[in-house]
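*Asks:* Sharing a structure, written as structure tokens. Questions coming.
The values are calculated or read from the model by the stated rules, or taken from the named source; none is laboratory data. Model, not experiment: these values are computed from the prediction. Counting neighbours? That spans all protein chains shown, and the Cβs are built from the backbone with ideal geometry, glycine included.
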Number of protein chains: 2
Amino acid sequence: MQVLVVGTLGIDTVETPFGREDDILGGSATYASLSASFFALPGIISVIGSDFPEDYIKLLRNNNINTDGIQKLPGRTFRWTGSYKDDLNMATTIKTELNVLEEFKAIVPKSYRKIKYLLLGNIDPELQLKVIKQMDSPKLIVGDTMNFWIAYKNEELKRTLKYLDILVINDAEARQLANEPNLIKASGIIRKMGPKILIIKKGEHGALMISEKTHFAASAYPLEEIFDPTGAGDSFAGGLVGYLAKTGDISEPNIRRAIIYGSVMASFNVEDFSIRKLLKLKSNDILKRVKSFHKFSNFDINA
Amino acid sequence: MQVLVVGTLGIDTVETPFGREDDILGGSATYASLSASFFALPGIISVIGSDFPEDYIKLLRNNNINTDGIQKLPGRTFRWTGSYKDDLNMATTIKTELNVLEEFKAIVPKSYRKIKYLLLGNIDPELQLKVIKQMDSPKLIVGDTMNFWIAYKNEELKRTLKYLDILVINDAEARQLANEPNLIKASGIIRKMGPKILIIKKGEHGALMISEKTHFAASAYPLEEIFDPTGAGDSFAGGLVGYLAKTGDISEPNIRRAIIYGSVMASFNVEDFSIRKLLKLKSNDILKRVKSFHKFSNFDINA
């Protein structure tokens, strides 16, 4: 295995202006590992309840995802119910049921401990830290989080942040975490908390990478049809870390490329409900969209 | 003269989180012509009242802007009072006094009629159309507009749109004009109204160019300090058209470059109140920022 993905496996109910789907496969680890699987071999650390369909586990395995790190506990699986109105950038959470997540201990199987690329998907920051401490000598630690943890587990989150090479969050979360409206200033404040590099996801407006010495602004892939934004951020992070693991290169120019691959994975993901689009995707589709991304972002100043 | 700028000359009162300035020079023609003057020789078509300070006219002339097309009418100059809260992307208009603008006839002086590059800044679309009809054979017509004209002079605006090569508007205006929330779809609808190319300004999120065959997504220059966003859009359009006039090249790759120059002019403009920053600017500052823009937007996919 090349990428360890920590995060949730969940059962979602999602409503968008284009329809409603009940009890579909969701969770940060699902989207992130599937997205990463196009580039490298992922293993998942997560938890499910006794109600989690065996078919979903098979589906992950069929996509070359190692599931040895998935713990099954008595009780119900984590569930999320959310809706999107016309502004598809913004999810409204209707209900979150943590269920078995509350009992989860995040034990890393021995076979996972030498994995070099860690993706700490959106989950309780205490669990993220537990996983970090069980690993032998990771080369790159990338973490995600959300408004809930920033508000209610702020100290725990800050303890985890100290270990991160890259923090991937959205613009609203960056403003909230830094308590500063200007994103460039906010990035400086957050980098002082630990992460060497900050990648700020701005939905339809692209992503911004900021490190001590440099920054990189990428637009988003322009889409006419966005059906369901759920999992866009996780697909982004999965594609990013998967690409870095595949190439084994964490130089700045390669992180730029990885951001483009991540954006492309997110752009596919939102074109259908749940993971449907990712399941249909071929490697060649990804490469084609990366090339078209380059074509419409490229400009030359030496004329 | 190389660029004809139609628009308002105004006296603004602006409040931002960083301070308040009373009776400062404003108006779309002011920002656009000053910005264009770094690249080409602009002439202005506009109107002022008897209260307009002679010093402001001198200031324009001292920056190589031809003022023969500025009509002076009895009465007060156009005035705008606005404020920005923490979200600097969004101006709140407190008061608009059209004053002499209501009597303005937009007569194009004979010496202007052969100008090849037209920038129809934000002003009544009927006046924009009047100017177009007085010109001999413009090579490129670029127009701007705003929510007010979209709502209250929709038919007149649509008559003007038929003549445009490039329409430059912001994202909210594009959605309003097309009555469609998705920007890519909205662009298709607006291009059917006339403009061959649409450039959508997204403030801190950059700009999007969409034509029949291609699109280009540029990020914005990331700024830590934004003092006053007034005139950002006009500086953008002035830099864009000025650069195209200077190079005499309206090919797609050069329009991409022009968008970068426009973005750079806008990024300088917002760093101080009114036109203060533009007045201090040197050509070399612009070139340096264009280069740095390229550096932080550039990525390579052939690794």
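*Asks:* In the list B:R289, B:R276, B:R257, which residue meets the criterion of being among the basic types (K, R), more than 13 Å from the chain's Cα centre (by Cα) and buried (at least 21 other Cβ atoms within 10 Å of the Cβ)? Spell out the reasoning first.
*Replies:* Numbers: B:R289 fails: buried (at least 21 other Cβ atoms within 10 Å of the Cβ); B:R276 fails: buried (at least 21 other Cβ atoms within 10 Å of the Cβ).
The match here is B:R257.
*Asks:* Within the range B:261-301, how many residues are closer than 30 Å to A:Y243 by Cβ and more than 9 Å from chain A (Cβ to nearest Cβ)?
*Replies:* If we filter the range B:261-301 for residues that are closer than 30 Å to A:Y243 by Cβ, which is where we start, we get B:263, B:290-301.
In the following step, the residues that additionally are more than 9 Å from chain A (Cβ to nearest Cβ) were identified as B:263, B:292.
Going through the range B:261-301 one residue at a time, the tally reaches 2.
*Asks:* Kindly evaluate A:S292 against the criterion of being part of a loop (DSSP other than H, G, I, E, B) and hydroxyl-bearing (S, T, Y).
*Replies:* On the way: part of a loop (DSSP other than H, G, I, E, B): no; hydroxyl-bearing (S, T, Y): yes.
In short, no.
*Asks:* From the set of residues in the range B:38-88 that are more than 18 Å from the chain's Cα centre (by Cα) and among the β-branched types (V, I, T), which is surrounded by the most Cβ atoms within 10 Å (Cβ to Cβ)?
*Replies:* B:I48
*Asks:* Let me ask something additional. List, please: which pairs have Cβ atoms under 8 Å, are six or more places apart or on different chains, and start with a residue in the range A:53-76 that is on the phi > 0 side of the Ramachandran plot and end with one that is crowded, with 16+ Cβ neighbours inside 10 Å and in a loop (DSSP other than H, G, I, E, B)?
*Replies:* Note: pairs meeting the criteria are A:N64/A:S37; A:N64/A:L41; A:G75/A:G49.
*Asks:* A further question on this structure: Being in a loop (DSSP other than H, G, I, E, B) and at pLDDT below 95 is the filter here; which residues of the range A:67-103 pass it? Full working, then the answer.
*Replies:* Residues of the range A:67-103 in a loop (DSSP other than H, G, I, E, B): A:67-69, A:73-77, A:85-90, A:98.
Listed by number, the residues that qualify are A:K85, A:D86, A:D87, A:L88, A:N89, A:M90, A:L98.
*Asks:* Test each condition in (1) crowded, with 21+ Cβ neighbours inside 10 Å; (2) out of contact with any strand residue (DSSP E or B) (no Cβ under 8 Å at 6 or more places or on another chain) for A:K133 and report the one that comes out false.
*Replies:* (1)
*Asks:* If I filter the range A:177-195 for residues that are modelled with pLDDT of 95 or more, farther than 27 Å from A:K105 by Cβ and of a type in the set (D, E, K, R), do I get at least one hit?
*Replies:* Yes, the conditions are met somewhere in the range A:177-195.
*Asks:* Can you name the residue in the range A:1-37 that is acidic (D, E) and without any contact (Cβ under 8 Å) to a residue 24 or more places away in the chain and is also surrounded by the most Cβ atoms within 10 Å (Cβ to Cβ) among such residues?
*Replies:* If we take residues in the range A:1-37 being acidic (D, E) and without any contact (Cβ under 8 Å) to a residue 24 or more places away in the chain, then A:D23 is surrounded by the most Cβ atoms within 10 Å (Cβ to Cβ).
*Asks:* Also, I was wondering about something else. Looking only at the range B:231-252, decide whether some residue is under 20 Å from B:K295 (Cα atoms) and of a type in the set (D, E, K, R).
*Replies:* no
*Asks:* While we're looking at this one, here's another question. Given the criterion crowded, with 22+ Cβ neighbours inside 10 Å and either free of Cβ contacts under 8 Å to residues at least 60 places away in the same chain or under 25 Å from A:S251 (Cβ atoms) (or both), identify the matching residue among A:I197, A:I189.
*Replies:* Sole residue among the options that is crowded, with 22+ Cβ neighbours inside 10 Å and either free of Cβ contacts under 8 Å to residues at least 60 places away in the same chain or under 25 Å from A:S251 (Cβ atoms) (or both): A:I197.
*Asks:* Ok, one more. Would the range B:262-269 turn up any residue that is surrounded by fewer than 20 Cβ atoms within 10 Å (Cβ to Cβ) and free of Cβ contacts under 8 Å to residues at least 60 places away in the same chain? Working first, answer last.
*Replies:* Keep residues of the range B:262-269 that are surrounded by fewer than 20 Cβ atoms within 10 Å (Cβ to Cβ), which gives none.
There is no residue in the range B:262-269 that is surrounded by fewer than 20 Cβ atoms within 10 Å (Cβ to Cβ) and free of Cβ contacts under 8 Å to residues at least 60 places away in the same chain.
*Asks:* Name the pairs whose Cβ atoms lie under 6 Å apart, with the first residue in the range A:114-129 and farther than 19 Å from A:E103 by Cβ, the second at pLDDT below 95, and 6 or more positions between them or separate chains?
*Replies:* A:I115/A:M1
*Asks:* In addition: Just checking, does the range A:104-111 include any residue being modelled with pLDDT of 95 or more and in a strand (DSSP E or B)?
*Replies:* no
*Asks:* Here is a follow-up. What residue, of A:A40, A:A32, is closer than 23 Å to A:D272 by Cα and either touching a Gly at 6+ places or on another chain (Cβ under 7 Å) or not in a loop (DSSP other than H, G, I, E, B) (or both)?
*Replies:* On the way: A:A40 fails: closer than 23 Å to A:D272 by Cα.
The conditions single out A:A32.
*Asks:* Taking the conditions exactly as written (among the polar types (S, T, N, Q) and more than 25 Å from B:L281 (Cα to Cα)), does B:T96 satisfy them or not? First the steps, then the outcome.
*Replies:* On the way: among the polar types (S, T, N, Q): yes; more than 25 Å from B:L281 (Cα to Cα): yes.
Against the criterion (among the polar types (S, T, N, Q) and more than 25 Å from B:L281 (Cα to Cα)), B:T96 qualifies.
*Asks:* When you look at B:I286, is it at pLDDT 95 or above and either touching an Asp or Glu at 6+ places or on another chain (Cβ under 7 Å) or within 15 Å of B:M209 (Cβ to Cβ) (or both), yes or no?
*Replies:* Details: at pLDDT 95 or above: yes; either touching an Asp or Glu at 6+ places or on another chain (Cβ under 7 Å) or within 15 Å of B:M209 (Cβ to Cβ) (or both): no.
It is false that B:I286 is at pLDDT 95 or above and either touching an Asp or Glu at 6+ places or on another chain (Cβ under 7 Å) or within 15 Å of B:M209 (Cβ to Cβ) (or both).
*Asks:* Would you check which residues across the range A:112-129 are in a loop (DSSP other than H, G, I, E, B), surrounded by 14 or more Cβ atoms within 10 Å (Cβ to Cβ) and of a type in the set (D, E, K, R) and list them?
*Replies:* Answer for the range A:112-129, where residues must be in a loop (DSSP other than H, G, I, E, B), surrounded by 14 or more Cβ atoms within 10 Å (Cβ to Cβ) and of a type in the set (D, E, K, R): A:K116, A:D124.
*Asks:* Need pairs with beta-carbon distance below 7 Å; first residue of a type in the set (D, E, K, R) and within the range A:284-303, second outside any helix (DSSP H, G or I); sequence gap 6+ or separate chains.
*Replies:* A:R289/A:Y221; A:K291/B:I301
*Asks:* Next question. Can you tell me which residue in the range A:205-215 is farthest from the chain's Cα centre (by Cα), limited to those that are surrounded by fewer than 24 Cβ atoms within 10 Å (Cβ to Cβ) and touching a residue at least 40 places away in the same chain (Cβ under 8 Å)?
*Replies:* Among those that are surrounded by fewer than 24 Cβ atoms within 10 Å (Cβ to Cβ) and touching a residue at least 40 places away in the same chain (Cβ under 8 Å), it is A:S211.
*Asks:* To continue, here is another question. Return a yes/no flag: does the range A:221-233 have any residue that is buried (at least 24 other Cβ atoms within 10 Å of the Cβ), without any contact (Cβ under 8 Å) to a residue 24 or more places away in the chain and not polar (S, T, N, Q).
*Replies:* no
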